Structures are given as C-alpha cells and as structure tokens.
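No lab work stands behind these numbers, since they all come straight from the coordinates. Values in this document were obtained by computation on a predicted structure and should not be read as measured data. Cβ sites come from the backbone with ideal geometry, for glycine too, and all protein chains shown count toward neighbours.
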Amino acid sequence: MNRFVAYNMPKIDLHCHLDGSMSPAVTGRLLKELGEEYGPKELEALLSAPADCGSLAEYLERFDLPIRCLQTKEGLKAAAFDLASAAASEHVVYLEVRFAPSFSVSRGLSVEEVIDSVESGLFAAREQTGIRTGIIVCGMRHLDMETNLAMLAAARELYGCGVVACDMAGDERAFPNAGYGEFFAAAKRLGMPFTIHAGECGSRESIRDAVAFGASRIGHGIAMGGDKELIRMCAEQKIGVEMCPTSNLQTKAVGDFSCYPFTEFYEAGVPLSVNTDNRTVSGTCSTDEFMRLSDNGMMNERISERIFRESVEMSFADPDTKHRLMTEYNNLFVI
Ligand SMILES: [Zn+2]
C-alpha cells in the first residue's frame with residue numbers, strides 16, 4: 001500500500017484520546033488565553049512523547065498541558081473541533097473520541113457541560129466536513145470509584161446524544177482491570193456498552209477480566225499476543241481489538257515492531273481496527289498508522305477493506321450510521 005492510497009481511502013478511528021490529540025496550534029492558543037506562553041519548539045517537546053519514551057507512565061505525562069486547556073466550554077469545543085477536522089482532512093469518515101470528563105471539572109464545569117461542549121465541537125466539525133463521530137467517556141484508574149461512578153451516571157444522561165460508550169483508562173500496570181468490576185457492572189446496569197484498555201502494558205489476566213466484565217471491545221490487547229486460547233475467545237465472541245501501532249511502540253507495549261501481533265490476531269479472525277490513540281502525543285495520524293503496518297508487511301488494500309468493515313461492525317455507532325458508512329464505502333467500489 002502506498003501513502004497516496006492510505007491517505008485517500010476512507011478510514012475509521014475508534015481509539016483516539018481528545019487530550020492526546022490536540023494540535024500544538026490550538027493548545028498554544030488556549031494556553032496563551034490562560035496567560036501561559038510557550039515557544040513552538042518548547043510546546044512540541046511538552047506535547048509529544050520522545051521516541052525513547054521509557055514507559056506508559058512517562059507517556060501519560062504529556063497530557064498535563066492539554067488538560068489545563070480543557071477546563072472551559074470554549075477550550076473543550078475548540079479541541080474537539082480541531083481533532084475531528086484534522087481527522088476528516090485525511091479521510092477519516094467515522095471517529096470515536098474518548099476523554100475523561102472528570103479531568104475537566106476543576107474550574108467549575110459539570111460533567112454534562114464538559115460532554116456537551118465536546119459534542120458541540122464535534123457537531124461543528126460534522127457540519128463542516130461530513131465526518132461522523134461518537135463520544136466515549138473514560139473513567140480513570142487512579143480516581144476513586146465514587147468519582148468514576150458519578151461521572152458515568154451523568155454521562156448516561158447524554159447517551160444517544162453524542163455519547164456512545166464508556167471506557168477505563170490510565171496506568172494499567174499500577175491499577176489493573178480487576179479492581180474495576182463495579183464500574184462496568186454499573187455501565188451494564190445503565191445500558192451503556194463499553195470498551196476497556198486492556199493488555200496495553202498490563203497482563204493477559206487484564207484482558208480476561210475485561211472479557212469477563214462484558215467488554216464489547218478491547219483497547220490495545222497487545223498482551224494477548226501468543227496466547228492462542230485468548231485470541232480464539234476474542235475471535236469467537238467477536239470482541240474487537242483496537243490496535244494503536246505507534247503508541248504501542250512508544251509505551252514499550254512491544255519492543256520491536258516485527259513482534260507486533262497484528263497479523264497473528266488478523267489471521268485468527270479477531271475483528272480489528274487501526275487507530276491513532278493520541279495524534280499529537282504519538283505524532284501520528286490515521287494514514288501514518290496504516291503506513292506503519294504496510295511498511296512492515298502487515299497491511300495491504302485487501303486487508304484494509306476487512307479492517308474498514310470490521311471497524312464499522314465493532315463501532316458504537318447506531319445501526320443507521322453503520323448502514324450509511326457501509327453503503328458509502330461499497331459505492332466507492334462500484335464501477
Ligand atoms: Zn488509549
């Protein structure tokens with residue numbers, strides 16, 4: 001696959017964090033409004049993970065500045081608009097944006113206002129570019145359960161009005177999935193589907209726990225590599241894996257890209273999607289992710305077609321949106 005094809009083909013991004021995907025331009029502008037000024041080089045260094053990033057914990061430090069910008073309605077709207085517009089400009093046709101509403105309440109916004117503001121930015125991008133979007137709200141591992149459950153209950157009020165699902169994010173090694181059964185039991189009770197960051201830098205047990213909780217999808221799932229039984233279980237139960245190649249290299253989820261388990265999962269029939277995770281922190285875009293796989297012999301046009309179809313299927317979009325995405329995709333190939 002060459003870059004022209006990867007750039008022009010319709011793509012879907014199901015795993016993209018708002019705070020990790022704010023462009024330096026928008027972040028710089030919003031920080032300036034807060035009275036903080038940074039030079040372009042300084043800002044870039046503060047927002048992107050170095051190639052030799054030591055760990056997931058070090059990677060997560062890159063989110064500090066963006067989160068300072070996400071405390072007002074204007075900041076949240078601008079960030080969401082910026083992200084969805086950037087994705088649309090490289091032919092991402094459906095984008096699920098995730099973020100932790102509890103991180104944006106330090107200057108008085110309510111969880112509902114936070115989500116509403118993001119949705120208004122996404123709406124503006126939809127109007128302007130035609131991209132379709134959904135919001136995944138993230139609980140955070142290091143926050144107390146009460147805070148995470150209160151966020152979930154508030155987000156439930158906006159389920160179907162922008163919000164499509166929930167997730168649990170943060171440092172998985174320090175806070176394994178086993179401790180979050182209560183959060184996902186509440187999501188089930190509230191009728192919200194969920195994906196869970198699992199097996200990014202954590203263990204296979206973390207993935208088994210996510211499946212046992214009833215996750216529809218797994219974020220990353222790298223630790224599943226080499227575990228035939230677990231891979232078969234995901235394939236049989238149609239549990240989609242959201243793969244984020246560049247991020248997985250940076251956080252040392254895989255040491256060497258030749259060990260990246262994409263083909264192993266693909267050939268076993270696990271539904272897969274190819275995602276950016278954090279466009280700015282990882283210095284990537286959807287096109288780059290397909291090219292990284294292609295450059296390593298893991299992607300071609302035939303595989304990308306299956307990835308598109310599986311991404312639609314595993315997405316949290318409503319049935320009508322799924323139908324439209326597939327119809328538009330199929331129409332591209334009608335001669
Ligand atoms: Zn993630």
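A few remarks follow.
- Of the residues 23, 39, 4, the one whose Cα sits farthest towards the positive end of the charge dipole of the stretch 1-40 is 4 (charges of +1 on Lys and Arg Cβ, -1 on Asp and Glu Cβ, taken about the Cα centre).
- Span per principal axis, largest first, for the Cα atoms of the chain (Å): 51, 44, 43
- Mean-position separation - Cα centroids, the stretch 282-303 and the stretch 138-210, in angstrom: 28 Å
- Eligible lysines near residue 32 by straight Cα distance, threshold 19 Å, same-chain separation 8 or greater: 41, 73, 77
- Note on the chain: with charges restricted to the Cβ of Lys and Arg (+1) and Asp and Glu (-1), its dipole about the Cα centre is near 520 debye.
- Residue-averaged [θ]222 nm for the chain, counting only DSSP H segments that reach four residues, each worth -39500 (n - 2.57): -14500 deg cm²/dmol
- Per-residue HN-Hα couplings for the stretch 192-204 [Karplus 6.51, -1.76, 1.60; θ = phi - 60°; Hz; x = Gly/Pro]: 9, x, 8, 10, 9, 4, 8, x, 6, 10, x, 9, 5
- For the chain, the residue among 326, 60, 145 whose Cα projects farthest onto the positive side of the dipole built from Cβ charges is 326.
- Qualifying aspartates and glutamates (Cα of each under 17 Å from Cα of residue 322; at least 8 residues distant if same chain): 13, 96, 305, 310, 313
- Cβ-based net charge around residue 268, under 12 Å, with every Lys or Arg adding one and every Asp or Glu removing one: -3
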